[in-house]
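Visitor: The structure's right below; bear with me while I get my questions together.
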Amino acid sequence: GENVEQHPSTLSVQEGDSAVIKCTYSDSASNYFPWYKQELGKRPQLIIDIRSNVGEKKDQRIAVTLNKTAKHFSLHITETQPEDSAVYFCAATWRNEKLTFGTGTRLTIIP
Amino acid sequence: EAGVAQSPRYKIIEKRQSVAFWCNPISGHATLYWYQQILGQGPKLLIQFQNNGVVDDSQLPKDRFSAERLKGVDSTLKIQPAKLEDSAVYLCACTDNYNEQFFGPGTRLTVL
């Protein structure tokens, strides 16, 4: 089955700096790669996603890049703010819309 | 648009007891998922329904977990009997088949 690895598990950055979280996946057939943000005690919320026919997608301060050859994708957050502090999960589809999640990255923005 | 509804939000039971969770997905979303999220981990798929049929239940511990979606709308997940390691948040999610999954608020289960 699909396996998604996510690094780092924890990340602390100074407010205003950029944060990068990386994921690799195993199934070359995966074609949809969402990123979820989960605040403490709350549900995962989709923040950005990318499909396999696109190499990069940006939405304001958030961007995602995809390298299908290397089977990895990354989340980039620029000009970080305290409200960006949360746990971020990457995921990949492996047939029938079944999402496999990474292990999560706890991002802390230092004021 | 109304979101995914789940109840109860919290449940505390003793081991070997039974518990049931309920989910009402977004109207028109044919695909429904139940995930288990243990503290500090990512959500793990337990079962996926397409309308009222099971698409994938390969990671559902069938000796104690069961789920149904009889009319293809709302769904229930049951654990009988519960074990200590079942303590987790149980998330329901749905999709309209464009891949984006919408999650409910979850049910936090504590097994003592």
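Visitor: Hey, does segment A:48-68 have a residue that's of a type in the set (Val, Ile, Thr), surrounded by fewer than 19 Cβ atoms within 10 Å (Cβ to Cβ) and at pLDDT below 95?
Guide: Taking every residue of segment A:48-68 in turn, at least one turns out to be of a type in the set (Val, Ile, Thr), surrounded by fewer than 19 Cβ atoms within 10 Å (Cβ to Cβ) and at pLDDT below 95.
Visitor: Given the options B:13, B:47, B:26, name the one that is among the β-branched types (Val, Ile, Thr) and either within 11 Å of chain A (Cβ to nearest Cβ) or within 11 Å of the chain's Cα centre (by Cα) (or both). It would help to see each step written out before you state the result.
Guide: Details: B:13 fails: either within 11 Å of chain A (Cβ to nearest Cβ) or within 11 Å of the chain's Cα centre (by Cα) (or both); B:26 fails: either within 11 Å of chain A (Cβ to nearest Cβ) or within 11 Å of the chain's Cα centre (by Cα) (or both).
From the options B:13, B:47, B:26, the qualifying one is B:47.
Visitor: Out of curiosity, is residue B:91 at pLDDT below 95 and assigned to a strand (DSSP E or B)?
Guide: So residue B:91 does not fit the description; no.
Visitor: Now for a different question. For residue A:13, indicate whether it is surrounded by 17 or more Cβ atoms within 10 Å (Cβ to Cβ) and farther than 30 Å from residue B:90 by Cβ. Write out each step before concluding.
Guide: On the way: surrounded by 17 or more Cβ atoms within 10 Å (Cβ to Cβ): yes; farther than 30 Å from residue B:90 by Cβ: yes.
Criteria met by residue A:13.
Visitor: Follow-up question, since we're still on this one. Hey, among the residues in segment B:67-96 that are among the small types (Gly, Ala, Ser) and within 14 Å of another protein chain (Cβ to nearest Cβ), which one's surrounded by the most Cβ atoms within 10 Å (Cβ to Cβ)?
Guide: B:93
Visitor: Also, I was wondering about something else. Do any strands (runs of 3 or more DSSP E) lying entirely in segment B:1-66 carry at least 3 residues that are in contact (Cβ under 8 Å) with a residue 40 or more places away in the chain and buried (at least 19 other Cβ atoms within 10 Å of the Cβ), and which ones are they?
Guide: Details: elements: B:5-7, B:10-13, B:19-24, B:31-37, B:44-50, B:53-56.
Strands (runs of 3 or more DSSP E) meeting the threshold: B:19-24, B:31-37.
The values are calculated or read from the model by the stated rules, or taken from the named source; none is laboratory data. Remember, predicted model here, so these are calculated numbers, not experimental data. Cβ coordinates were reconstructed from backbone atoms using ideal geometry, including for glycine residues, and neighbour counts include every protein chain displayed.
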